1. Zone of I38 (label point 7 Å along Cα→Cβ, backbone N under 19 Å): which residues in the range 57-79?
2. How big, on average over all directions, is the shadow cast by the Cα convex hull of the chain, in nm²?
3. Return, for the Cα atoms of the range 22-70, the radius of gyration and Dmax in Å, separated by a comma.
4. Run lengths n ≥ 4 of DSSP H only: what is the helix-derived mean residue ellipticity at 222 nm for the chain, with -39500 (n - 2.57) per run over all residues, to the nearest 500?
5. Percent of accessible area on the range 20-88 owned by carbon and sulfur, 1.4 Å probe?
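The values are calculated or read from the model by the stated rules, or taken from the named source; none is laboratory data. All values reported here derive from a predicted model rather than from experimental measurement. Ideal geometry is used to build each Cβ from the backbone, glycine not excepted, and the neighbour counts take in all protein chains shown. Ligands, DNA and RNA are stripped out before the accessible areas are found, and what is left, the full protein with its side chains, is counted by its heavy atoms. Shrake-Rupley method; radii C 1.70, N 1.55, O 1.52, S 1.80 Å.
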Amino acid sequence: LGAVSFEHMSPQGQSIGRAIIGLASDNYPELMCKCYMINTPWIFNTVWYLIKAVLSARTVNKVSLIGTNYLTDLEKDIQLDNIPDLIGGPYK
């Protein structure tokens, strides 16, 4: 994916993407402390690679893509007791 970038989209797609990202960045800059995306499909990873090129480093650092060993990674930032049972934690 080293050669893939936001510029590979059509001009209209680029314009729409930048408008959405700009709107979200301008109006909702600090609503999210951290976002963990677990077991994401490969297409999401590809889309994320394209989108993060136009986001601020601060925003990109708030998002973590985690594979199948996600509980170990989540426990680095979240106490096990606070992880919902839906994803393997004890919290109900």
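1. In the range 57-79, the label zone of I38 (backbone N under 19 Å from the point 7 Å along Cα→Cβ) covers 62-79.
2. Projected area, direction-averaged: 7.2 nm².
3. Rg and Dmax of the range 22-70, Cα atoms, are 11.6, 34 Å.
4. -11000 deg cm²/dmol
5. Whole-percent figure for carbon plus sulfur exposure: 59.
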